[in-house]
Structure formats: structure tokens, C-alpha cells
Amino acid sequence: MGILDLGRYKGIVWAITGFLVAFIAILALNHGIAGLFADDVAGVKFLSQMRTQPAEIQANARTITERLQAGEKVDDAIEALRSSATAYDHAFIGLAGGMVSDNSGATIGVSALNDAEAKAMLADGEKVWKEYKAKLDPILRFSGSPYAAEAPAPAAPAPTGKNAAAAPAAEKPAGVQLSPRGRRLQTALVELNTFAAASQAQLSQISTKLAGQVEESSKGNAALLRGVQIGGLLAALALLGALFFYFARNLRKEEMVSSRARKETADILRTVNEGLFLLDKDLKLGSERSMALNTIFRKEDFMNLTFDSLLKDIVPEKTLKTAMDYVALLWGERVNEKLVKTINPLNEVEVHFDNPAGGFDTHYLEFDFNRVKSDGSLSHLLVTVNDVTKRVMLSRELQESQEKAQAQLDLLLRILHVEPDSLTGFLTDADVSLKMVNSILKEPAREETAFRAKIDGIYRQVHAVKGEAAALGLKTVEQRAHAFEESLSDLKGRPTLSGSDFLPLVVKLDDLFNHLAQVREMLGRLVDLHHAIAARRTSGGGQVEAAKVDQWLAGKHDQTMQMKALPTQQPQQEAEAAVGLERTLEDLAARVASSHSKQVSLKCTGLTEVPESYKRAVKDITIQLVRNAVVHGIETPDQRVKAQKSETGFLGVEFTQRGEEGFELVVQDDGRGLQLDRIKEVAVERGLITPAQAALLDPRQTMALIFRPGFSTADRVTTDAGRGAGMDLVRILVAELGGRVGLASAGGRFSKFKIWLPSPSRAVAA
Amino acid sequence: MMTKVELETFVEGTTNYFATAANQPASVGSPYIVQEGRPTVQEFTGLISIAGKRRGIVYFTASRPMLTVMLMRMGETELTQENMCDLVGEVANTISGNARRDFGKDFMISVPTVVAGEPEKIVTPDNTRSFVIPINWRSHSAQLVVCLE
């Protein structure tokens, strides 16, 4: 800004300059008139003094006369007369030029003396004075003694002075002899006195008149001065008034502009949806902020709040530290703002507000920082805050649903290979089992024995779930159940047990519950899909899709994928041929055989005849026995060839009614049969019996060992075998139903499990 | 999914309190899950809310007889409702302290609140199973309930 570029202050600068100039001009005028006024006063004073001068001259002349009469010395009196006459003469000369002398002897011009009237009066005075001077002249020129030579020594001088009484010149004391010059002096004095007496009044009057005129002039100047002062005062007041008016108008204008601007700002801050505020260098919030901030931060009072205290209560400490570090970074002078913005850690920050009803309300806030520069240097940070909870939740939901969809797709691919009825059955049974596990856990326990007692019960339930999941090929469920079993094994091996040891179990149980819920959801969707397609079919179209789903739901899932077009009429009965459990067992046998590099052919009969109340138990039992047979009984193709058997092992499951008394379930295989020596060996290794006891066991007792908890001849623990819970489960299930287990085996030829179950009514009665 | 370590942290916080403040250690009972409905709430409950990496509530709930004995063991003669509230609040506070120490800075843990009776005031997150861990002390049994998403 240049020095003359006054911008919005131009008006005020001009107004003040005008005021000052006017003030100085009035001051100068005032000063000038005041000077004139002083001159007039000096003039009046001078003229007043001048008025007395003729009297003084006359007095001095009289003194000389008296001295002469008294025969005294006259030199000093003549000198006094000369002095007064000279002074008066000078005064006249000065006045003729319009000048007077002040006290200090300086000459001052008095304007009033220059006007015509004054000049005329002065001319009259001068004329009289001229005559006066002519009368004075012989006296003033006198020198020496006026007395005759023989005259006596002068007596003491009589008092002199202008006030001394004048004695008649003609009278002289006897004995005073005047010289001829003395007599001429005396004569001149007589003439002078006569003239002085005649002219004194005239001269005084002239002085008085002149003084009066000067005084008049002085009065005029005084009036002018007053006028100027009043005029100046009025002008100053007027200017001041103008200034006030100007200021008031400008102020009002500015006030209106700024008030409008303030109102607009307030409107913006009240209406804007973003939280807006400024942060200073001390990270304090500015006084102006948007109303949205109250809603976003759920508080009204932001006075003297720092950024730190704004966030402290709503974010974890780690987030707070990151936020503060980032804001500090923004204050650096040499910072690339765009670059720094890309690493904004508060882009989507999770905050938690205390909920008055207890707990937290979680929101997501988006902070944006802009560096505000003033005069080239960083003065503030403008912070914009948005509540982006909905956006974040939507995007998370989307992400979660995508992840879930992926997981469900995997799950779908798995369950597409499972018969729907089997799957529904499994889910129901597994849910019951897991709830049973939870019930067992819930039983109060304080003593170690109570804790230990829980393990076996839980084991059986989990093992059943695992077995069935394996049979259905539900790998994800099987793995989870297997992990559960491992935890149980770990607990079993511990010397002491407490509730804390059971914590991993509840976590795994929770996981299983969750997973089964997912499978259930998936199944539900498939069923919904079926209904939807069925609905479309009734209205025509979608025949192929509907048939595919029907196929799958009917259990012909493997063919579903290959199905290209709908054959003329698919017999419904055919689809129902392979029923739930049989299908499950076939799949199980095939899968276990495949994982053990074996070949097996399963033949099931009578499984459709299983009474409803036995279905679950029969399923659990046959799953365990079929798996056991494939793992332990059936040999590998090589071994079978060597033993002169067909490569494919045979496995039969038969369920038959035995009169009214009950049912018989037979599971047999043409494998290697029970290896009694190996059974004894393992039983000793696992501490189930001592070597001495082993030596005493007969074949029947030896075979019974396989039903003991924890017995397994498998070398290592896999999801198929190894923990020795399977046969125990069979034993318990049969016992629970009031049945019996029979076992026959011939080494190298076969094994046969024969289970007798009472009819359901008898079982209830029992 | 809830982890074993998280459960252990809360349990440890509770048992620590008994070992130090109540002058007699408590034993942990057999834990179980509450799938539907409300987990157990006894007469006095000290509750903390958790946010951040996990969200939900953790509370310690005990009966009046148990708290009475605890107060007596602690040398407190005034067996008032106020003191019992303070006691469950303190247990909740110890749990919170333990959680702060173990879970680090990713969590936000509220100050404990105390509920006397009024089980409806204890709101667990929707569709979330609760873990109930019985805390046995002398002949009494309190519960630690962990319900986190």
C-alpha cells in the first residue's frame, strides 16, 4: 500500500487534514489581529503619554524662568527643557510616519494614524508645534550664564520640576543682575510661556483625539478578533460536526456491512451440516464454530477447549496420540499440504460417546484439515468434521456381506454335495448336541471330580457332531469339532482341573454355534430359492432351474451340475431312492476310504425302517461303525489282493425288525477282523489294563476292550480316528436305549457288530 | 469371535480382586454360554462398557448374602446397600483395570456403573451370545458375564 493509497481511510484523512488547515488558518488570523490589537494598545498608551508632554515642556520653561528670577543656575533646567522638547518632537516625527514607540523604545506602526482624519489632526498639531519649537529655539540655544559678571554666587537652587509653581517672568528678586543674553533669555521665556499656555490645550486635545481614534481602531480590531474567534470556533465546530457525521455515516455503513457479514456467517455456521472450527497454534478451538459441532460432539460448551480435550474422552489413547501427532505435523511451515492430507489418520475415526443409558454409542467421524495462511504465514487450521457413521456402516456392511458371501459360497459349494434332508437332520442333531454340551458345562462344579466328570459327556456329544459332519463331508464343521476334541484331550491329560481350564471350551463352543448358524442360514437360502423357483414354475418358465433344485433337494446333487436339459418326466420315486442315512453312510465310506487309499462298497438295507425315535441314535452308531470298519477293518487293495480277496472291500449295514421285541442292526465287513494281540498291546500302552491283566484276557474280553473310553488302535489322531471315543459312544448310545452290543470277528476274514435294540415302547417302559 | 485370552483377562481381573481385597481367593466355576434371553443378574451388578476393537458389556453380578460376607471379611461393619454397590463397582473397576492393561490402547473402557436390582437396566448387544463364568467364593456364587460382539 503506497503512502497516498489510503484505501478506506481516505475520507477520514482528508477530513482531518481540512480540519487542521482550517484550525491553523484561524490561529494565524487570530494571531495577526491580536498583533494589531497590541499595536493599537501601545499607540493609545503612547498618545496618552504624549498628551502630558506639552505640560512638561511648559513646566521646564517655568523652572528656567524661576531660576532666572532667583538668580540660580539654569543650565540643567535648560537641559531638561531640551530633553522634553526633543522627545515631544520625536514623537511628532514618528506620528507623522504613522509610528509610535512602545516601552522598550521599539517603533510600532499604528494603522489608525494613517487615515485622513488623523493626518489632518497631526498636521494641525505639527503646525502648532512648529511655532512652539520657534519659541523654544532661542532658549534651547542658550548656553553659559544669564547673569551679569558681578552678580553674587548663586544661592542654593530652588526646587525644580515640572510641577513647580511658575512665577511671573517679569518679577525678579532684587539684586539679580541679568546679562544682556540673560535678558533675552528671559524675554524668550516670557514669549514661550505665553505661547505654551495658549497652545497646551490644543496640543493635548490633538493627542487625546488621536488616542481616541487609535482606541476606536483598537475596538474595531478587538471586535474583528472576536469575530474571527467566533467564526473560527464555528468553523471548527462545523468541521468537527462534519467529521462526526462522516465518521458516524461510515461507521454505520461499516457496521451495516459487517453486521450483514456477521449475520451471513452466523447463518452459514448455523445451517451447515459440517462441524467447522479453527485451531490456533496452541491447538485451541476458535470462538466461531458451526452449530453442527454441538450435534456431532454431543456438547454445547467448547469454550477454551483444546483439540486434545475434544477427542480425549471419545477415542482410544492410541488414536488420540496419532491424531495429535498428525495435527502437529500440519503446523510445520515446510509441509506439502496435499501430501500430508493423503496420510490423514482421522479420515475415518471411530469415536465412542457415553450413552446415558449405559455403554457407548459408536460413531465414525471424518476430519479434514486446511491450513489457513494470513500475511504469508500459517495462522490457523480450519477443521471440518463430518459424521460419516452411515457411510462407514454401509461400506462395512457391504464389505462384511461380500466376505460373508464369499464364505457362504465356499460353504454352499460344500453343502451342495450334501443331501438337504441329511443336512437339516445334521443341523438339528448338532444343535441338540451342542446345547447338551452347554448344559453339561452349566452344571455347577466346584470340585475337580465334578469338572472331570464333564469331560467325557462333552466328548461324546462333540464326537457325534464330528462324526456326522465327517459323514456329510462338512469339513469346516468337522475341523471345528476336531479342535474341540483336542482341547478336551488336553484337559483330560491335566493333573488338576478348574473352571479356568474350561474357558477355551466355551470359546470353541461359541465358534461351533456360530458356524452352524451360518450353515443353517445357507440352507435356508437354498430352500427359499427352491420355493421361489417352484413358484416361477407354476407360472411357467424356469423348468430347467427348478428341476436342478429339485434334483438337489431330492439328493441327486452330483448329477445336478451336469444336467443340461429337463428330460421328459423325471420319476419322483427314483429321486427318493437314495434316502438320507444311506446316502450319508455311502458318502462317508467313500470319503474315508479315499483318504486311506482304500476301496469299499457299502450295502445298506432296511435303514428306511428305523423308527423315528431311533433315527438319531442309529445314525450316530452306524456312522461310528462304518467309519471304524473302513479305517480299521478294510485292508488296502494291495493287502486284499495278497489275502486273495477282491480289491474292493465289502461293508454291509442292515437294519431289521426282530419280532415285536425289537430291532437288530448289523454292521459287518470282510476286512482283517479284530487283531486281538494289537488290542491288548494298545490297551496296555494306554494304561487301560496292566500287562498281567492282558495275559489273562480271553478273546471275548479282549474284544470288549475296544468299547472302553480312550481306546484306539490308530497310530495317530486324525479327524477319522485315533482318540478312541467312537466305540465308547456306540456303547453309551446303545446302553441309553436299553440295547445290547454283540461282536464277532475272525482274524483276516471279517468283523461283525450286532446291535439289538428294544422296540421304542419297551425302551420307554424300561 | 471372542478369544480365550480375552475371557481369561476378565476372569483374572475378577479373581485378582478376591485374592487381594477380599482376603480369600475365589475359584472359577464351569463357564457356559447363554444364547437367548438374559444372562443371570443378581441383586448387585458392577458393569463396564467396552468399545473399540470389540463392543459390548462385561459385568460382575453378586447376591446380597455374598456381598455381606465379603464386606465382613474386609472389616466393614456397615453392611449397607451403598457399601454393597461400592463393592461390585470396585470389582468392575478391577476388571476394567486389568482389561486396560492387557488390551492396550485399541479399546475404550467406560467407568464402572452399578445397578442394584433392576436387571432390565443391563442391556446386552443384540444377537450376541454371552459367556457366563461362575465365580465361587466360600459357599457363594457370583457371575462374571462377558457379552462382546
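Taking the stretch A:727-745 on its own, how many of its residues are open to solvent by less than 20 Å² (accessible area, probe 1.4 Å) and either within 20 Å of residue A:675 (Cβ to Cβ) or not assigned by TED's automatic domain parsing to the domain that holds residue A:607 (or both)?
3
Suppose we filter the stretch A:601-624 for residues that are surrounded by 23 or more Cβ atoms within 10 Å (Cβ to Cβ) and either under 20 Å from residue A:636 (Cα atoms) or polar (S, T, N, Q) (or both); how many remain?
Of the residues in that region, 2 qualify.
If you check residue A:308 against the conditions, is it within 30 Å of residue A:355 (Cβ to Cβ) and within 14 Å of chain B (Cβ to nearest Cβ)?
Here the answer is no, as residue A:308 does not meet what is asked.
How about the stretch A:279-394: which helices (runs of 4 or more DSSP H) wholly inside it have at least 2 residues that are open to solvent by less than 40 Å² (accessible area, probe 1.4 Å)?
Values: elements: A:292-297, A:307-312, A:317-330, A:337-341.
In the stretch A:279-394, A:292-297, A:307-312, A:317-330 are the helices (runs of 4 or more DSSP H) which contain 2 or more residues that are open to solvent by less than 40 Å² (accessible area, probe 1.4 Å).
Identify all residues within the stretch A:335-361 that are at pLDDT 80 or above and within 14 Å of another protein chain (Cβ to nearest Cβ); write none if there are none.
Scanning the stretch A:335-361 gives A:345, A:349, A:350, A:351, A:352, A:353, A:354.
Under 30 Å from residue A:204 (Cα atoms), in contact with a Leu (Cβ under 7 Å, 6 or more places away or on another chain) and assigned to a helix (DSSP H, G or I): which single residue out of A:47, A:36 fits that description?
Being under 30 Å from residue A:204 (Cα atoms), in contact with a Leu (Cβ under 7 Å, 6 or more places away or on another chain) and assigned to a helix (DSSP H, G or I) holds for just one of A:47, A:36, which is A:47.
Among the residues of the stretch A:487-521, what is the count of those that are farther than 18 Å from residue A:434 by Cα, buried (at least 20 other Cβ atoms within 10 Å of the Cβ) and away from every other protein chain (no Cβ under 12 Å)?
Selection size over the stretch A:487-521: 0.
Working carefully through the options A:450, A:464, A:469, find the one that is farther than 18 Å from residue A:728 by Cα, more than 14 Å from every other protein chain (Cβ to nearest Cβ) and not in a loop (DSSP other than H, G, I, E, B).
After ruling out the rest, the residue left standing is A:469.
Scan the stretch B:10-39 for residues that are of a type in the set (Ser, Thr, Tyr) and either in a strand (DSSP E or B) or modelled with pLDDT under 85 (or both) and jot them down.
At the first step, the residues of the stretch B:10-39 found to be of a type in the set (Ser, Thr, Tyr) are B:14-15, B:17, B:20, B:27, B:30, B:32.
Result: B:20, B:27, B:32.
Given the conditions (1) facing chain A (nearest Cβ under 9 Å); (2) touching a residue at least 40 places away in the same chain (Cβ under 8 Å), and given that residue B:87 satisfies all but one, which numbered condition is not satisfied?
(1)
Taking only pairs six or more apart or across chains, which ones have beta-carbon atoms under 6 Å, a first residue in the stretch B:1-20 that is more than 7 Å from chain A (Cβ to nearest Cβ), and a second residue that is open to solvent by 60 Å² or more (accessible area, probe 1.4 Å) and at pLDDT 85 or above?
Partner pairs satisfying both residue conditions: B:18/B:25; B:19/B:25.
Please name all residue pairs, on different chains or six or more residues apart, with Cβ atoms under 6 Å, provided the first residue is in the stretch A:241-269 and is not assigned by TED's automatic domain parsing to the domain that holds residue A:288 and of a type outside the set (Phe, Trp, Tyr) and the second residue is surrounded by 11 or more Cβ atoms within 10 Å (Cβ to Cβ) and not in a helix (DSSP H, G or I).
A:269/A:290
Among the residues in the stretch A:260-272, are any out of contact with any Asp or Glu (no Cβ under 8 Å at 6 or more places or on another chain), modelled with pLDDT of 80 or more and not in a helix (DSSP H, G or I)?
Yes, some residue in the stretch A:260-272 is out of contact with any Asp or Glu (no Cβ under 8 Å at 6 or more places or on another chain), modelled with pLDDT of 80 or more and not in a helix (DSSP H, G or I).
Quick check on the stretch A:480-489. Is at least one of its residues modelled with pLDDT of 85 or more, hydroxyl-bearing (Ser, Thr, Tyr) and assigned to a helix (DSSP H, G or I)?
Taking every residue of the stretch A:480-489 in turn, at least one turns out to be modelled with pLDDT of 85 or more, hydroxyl-bearing (Ser, Thr, Tyr) and assigned to a helix (DSSP H, G or I).
Every residue, every condition in (1) at pLDDT 85 or above; (2) assigned to a helix (DSSP H, G or I); (3) open to solvent by 10 Å² or more (accessible area, probe 1.4 Å); (4) hydrophobic (A, V, I, L, M, F, W, C), yes or no:
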residue	(1), (2), (3), (4)
A:54	yes, yes, no, no
A:60	yes, yes, yes, no
A:63	yes, yes, no, no
A:66	yes, yes, yes, no
A:79	yes, yes, yes, no
A:86	yes, yes, yes, no
A:94	no, yes, yes, no
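Within the stretch B:129-143, can you find the residues that are more than 9 Å from every other protein chain (Cβ to nearest Cβ) and either among the basic types (Lys, Arg) or out of contact with any strand residue (DSSP E or B) (no Cβ under 8 Å at 6 or more places or on another chain) (or both)?
B:138, B:139 - these are the residues of the stretch B:129-143 that are more than 9 Å from every other protein chain (Cβ to nearest Cβ) and either among the basic types (Lys, Arg) or out of contact with any strand residue (DSSP E or B) (no Cβ under 8 Å at 6 or more places or on another chain) (or both).
Please work out which residue is least open to solvent (accessible area, probe 1.4 Å), limiting yourself to the stretch B:99-120 and to residues that are under 23 Å from residue B:82 (Cα atoms) and at the interface with another protein chain (Cβ under 7 Å from one of its Cβ atoms).
Per the stated criteria, the residue is B:110.
The values are calculated or read from the model by the stated rules, or taken from the named source; none is laboratory data. Values in this document were obtained by computation on a predicted structure and should not be read as measured data. Quick reminder, even Gly has a Cβ in these numbers, built from the backbone with ideal geometry, and neighbours come from all protein chains shown. Side chains included, ligands, DNA and RNA excluded: accessible areas come from the protein's heavy atoms. Shrake-Rupley method; radii C 1.70, N 1.55, O 1.52, S 1.80 Å.
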